[in-house]
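Below is one structure; the comments refer to it alone.
Quick note: the coordinates plus some simple rules give every number you see, no bench work behind them. This structure is a prediction, so every number in the text was calculated from the model and none was measured. Glycine gets a Cβ as well: all are built from the backbone with ideal geometry, and neighbour counts include every protein chain shown.
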Amino acid sequence: MSTISEKSELLFLYESTFSIPNGDPFTGEQRYDDETKRILVSDVRIKRFIRDYLIERGHEIFVMNDKSTIEAGGESGAASRLNSLIKKYEKDLVPAESSPEPNEEGEESGKGKKAKGKKGSAVNALALLQKCTDVRLFGGISTKVDAAVNITGPVQFALLNPSLNAVDLRTHQNTSVFSSSSEKSRGAIGTTSVVPYALCQIQGWINPYSAKLSGMTEADTAELFAALWKSINNANTRSKSNQNAVLLLQIVYANADDKLYGLGRLLKLASDKRDEQLRSADDYKLDLAALLEKVASDKVKAVRYYTEVDVIDKALNGQPKFEKLQL
């Protein structure tokens, strides 16, 4: 199956209400830009949403927190994970290269025997990594000895993605029934910061040149979009359950070397209220004017979108170059 040929940029909006869209792993607090008051969502958080969704649907995933998929042996996590794939797909591996066997004088005798050469091992490692949907999308590495592979993912998200609105974080305290230690008779008290309301914008890029090595296909693109949308809506943890996908945009370039400046700064919120007072989509209107003007450029071949919000759908449906996706 051929790899993707189109270069595109992604803008994905989702709302989060009295939640923690992306906690800092060291502090547990929501990632936050103190100067702009925007909350921040990392690329790693979004990729984790997508991977978890794909795992639930039976996809082979390389980066996953499941020790049962990792073979023991003292190697690094990536090498151990590759070992588990080697064991699972042993019948699919190509034979190692034929390598001439040296004679007693150290010269090649011409009598070849099957030997595990570095090239053969790397070829197998690449083929095994390409079996994993997340590697075809986001890339991956093998650190296994004599089978080192480094694949740059064709799908990349911004390292940190600021929300479209400024936010005042709210301190939230709660108590637990269980005590923090056996010496204490009462439950513990915890304090955290929650986001009253944020419209999160995730910016991404899809590069066809990187797809040639990773093996990303159009079918993978469709899986990516479905996972991006549905994983947000299906998040079922205490800090993520009150989230809703709002709008997915794929801006497709006419040529693989084209790029428009500033696509991530086009969408705005229009409201009589201050950003910090927003509590739902009823409090503002999504201003699409700058986006519609920008994508009129000859550099844009098409704009594919998906939304279940009627007012947004009506604003985009029928616009030149706009096509609605099916998820």
Tally Lys/Arg at +1 and Asp/Glu at -1 over every other residue whose Cβ is under 12 Å from the Cβ of SER176; what's the total?
-> +2
Checked against the positive end of the charge dipole of the chain (+1 on Cβ of Lys and Arg, -1 on Cβ of Asp and Glu, about the Cα centre), the farthest of TYR306, PHE157, ILE206 is TYR306
Largest first and rounded to whole Å, the semi-axes √(5λ) derived from the alpha carbon gyration tensor of the chain read 43, 30, 15
For segment 216-298, size of Cβ-based charge dipole, Lys and Arg +1, Asp and Glu -1, in debye | 480 debye
Write out the chymotrypsin sites (Phe, Trp or Tyr not before Pro) in segment 1-37 meeting two conditions: DSSP loop, and at most 16 other Cβ atoms within 10 Å of their Cβ.
-> PHE26
Positive-pole candidate from ALA296, SER68, THR36, dipole of the chain, charges at beta carbon | SER68
Under a Cβ-Cβ cut-off of 10 Å, what is the net charge of the residues other than ASN65 that fall near it, where Lys and Arg count +1 and Asp and Glu count -1?
-> +1
Only Cα pairs under 8 Å and at least 6 apart count here; give the relative contact order of the chain as a rounded whole percent.
-> 26 percent
Find out how many positive minus negative residues lie around ILE39, taking Lys and Arg as positive, Asp and Glu as negative, among other residues whose Cβ is under 10 Å from that of ILE39.
-> +2
What angle, in degrees between 0 and 90 and rounded to the nearest 10, separates the Cα long axis of helix 77-88 from the longest principal axis of the Cα atoms of the chain?
-> 60 degrees
Per-residue [θ]222 nm for the chain (sum of -39500 (n - 2.57) over DSSP H runs n ≥ 4, rounded to 500) | -7500 deg cm²/dmol
Ordered by fewest other Cβ atoms within 10 Å, a rough proxy for footprinting exposure, LYS7, LYS268 read LYS268, LYS7
Within the chain, percent of DSSP bridges classed antiparallel, to nearest 5 | 95 percent
Peptide ranges 223-232, 77-86 listed from the most packed, as the mean C-beta count within 10 angstrom indicates = 223-232, 77-86
Take the alpha carbon atoms of segment 1-71, find their center, do the same for segment 262-327, and report the distance between the two centers in whole angstrom.
-> 22 Å
Estimated dipole of the chain in Debye, rounded to 20 [Cβ of Lys and Arg +1, of Asp and Glu -1, Cα centre] | 440 debye
